[in-house]
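To start, the structure under review is shown below, and the notes come after it.
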Amino acid sequence: MKKNWKRLLSLALAGVMCLALAACGSDEPAPTGGGDPAGTNTAQTGDLPADVQAIVDRGVLRVGVKTDVPGFGYQDVLTEEYSGMEIDLAHKIAETLGLSDVEFTAVTAATRGQLLDSGDIDMVIATFTINDERKESWNFTTPYYTDAVSLLVKTDSGIAGYADLDGKMIGVSTGSTSMEALIAAAAENGITLTKEANFSEYATYPEIKTALDAGRVDAFCVDGSILSGYLDDSVVLLDSVRFSPQEYGIATKLDNTGLAGYLDELVNTWLGDGTIDQMIADNGVAASFEG
Ligand code: GLU
């Protein structure tokens, strides 16, 4: 009888421990401080912000990612598998929340904001540059990576720098920072480019590459990370023309302030402990642009 009592007690204790672990949702403690100065919003205590708890209760994290940016967000056409540091970040966030399921949605520069606003996705981790204008529409975490804008041109184009862009047509993506960044950088180098005379806007990057191949545009302008996905024998990335630092942040819907603070804490923790550097290295991504 006494023995049974002991067994029952140890089983009960084991049960309590299991419940406590399940409440943590992960064997890795969530960070405190940062976006949660009171230190109450941690997965450890189970006292998550309501918008984070809603994701945990749903059991799946929904993330908007790029599918055509090698090293960042890429989907293999044959296997349909996702890879890249932004994919790793999404998995790490899910793991911290105790979720094994991540549902990826393909986004472009033109669609990612709308998909956040409509509530179709919880967050965007998709080479999304933080700027003041965008901060009025969405929350952004501390940057996890900094890239620079560059140009992809035909190998035999003769374009080597800003001066060669005079009178040329440049392909950019709708909804991206690229056109404004190039107009400003060219102006600093004495070259005037205008939206009307020098730019063609496209919905997707493959369309810009096709336009470059067909000679409808003379250059393809966007972040170097994105351009690297379109390198082939006929084109070259202008290493000497790198401008306008692009700081990438994880974006959330403006009223998801609890989630925004939670993600900001995670990013800061992972910047501090080398996790993000490891993701950069694991995915063969160049170190952040230093300007
Ligand atoms: N990173 C730039 C932006 O957010 C380029 C566009 C893109 O990310 O697709 O505008």
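The values are calculated or read from the model by the stated rules, or taken from the named source; none is laboratory data. Being a predicted model, the structure only gives us computed values, none of them experimental. Cβ: placed from backbone, ideal geometry, glycine included. Neighbour counts: every protein chain shown. Only protein heavy atoms, including side chains, enter the accessible area calculation; ligands, DNA and RNA are left aside. Shrake-Rupley method; radii C 1.70, N 1.55, O 1.52, S 1.80 Å.
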Q.
For the stretch 225-253: of the residues being within 13 Å of the ligand (Cβ to nearest atom), small (Gly, Ala, Ser) and modelled with pLDDT of 95 or more, which is surrounded by the fewest Cβ atoms within 10 Å (Cβ to Cβ)?
A. 244
Q: Please give the number of the condition residue 201 fails out of (1) touching a Cys at 6+ places or on another chain (Cβ under 9 Å); (2) open to solvent by 10 Å² or more (accessible area, probe 1.4 Å); (3) assigned to a strand (DSSP E or B).
A: (1)
Q | Residue, modelled with the highest pLDDT, within the stretch 53-73, restricted to residues that are within 13 Å of the ligand (Cβ to nearest atom) and open to solvent by 10 Å² or more (accessible area, probe 1.4 Å) | A | 67
Q) Taking the stretch 205-255, which residues are assigned to a strand (DSSP E or B) and under 17 Å from the mean Cα position of the chain (by Cα)? A) 222, 223, 245, 246, 247, 248, 251, 252, 253
Q: Working only within the stretch 204-216, note down all residues that are free of Cβ contacts under 8 Å to residues at least 60 places away in the same chain and either open to solvent by 60 Å² or more (accessible area, probe 1.4 Å) or within 12 Å of the ligand (Cβ to nearest atom) (or both).
A: 207, 208, 210, 213, 214, 216
(Q) Whether any residue in the stretch 228-245 is within 15 Å of residue 143 (Cβ to Cβ) and hydrophobic (A, V, I, L, M, F, W, C) is what I want to check. (A) no
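This table checks each residue for (1) touching a helix residue (DSSP H, G or I) at 6+ places or on another chain (Cβ under 8 Å); (2) β-branched (Val, Ile, Thr); (3) within 16 Å of the ligand (Cβ to nearest atom); (4) closer than 23 Å to residue 287 by Cα.
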| position | (1), (2), (3), (4) |
| --- | --- |
| 95 | no, no, no, no |
| 105 | yes, yes, yes, no |
| 112 | no, no, yes, no |
| 120 | no, no, no, no |
Q: Can you give me the number of residues within the stretch 170-203 that are away from the ligand (no atom under 13 Å from the Cβ) and either under 21 Å from residue 107 (Cα atoms) or not charged (D, E, K, R) (or both)?
A: 16
Q) When you go through 267, 222 one by one, which is the residue that is open to solvent by less than 60 Å² (accessible area, probe 1.4 Å), under 26 Å from residue 118 (Cα atoms) and modelled with pLDDT of 95 or more? A) 267
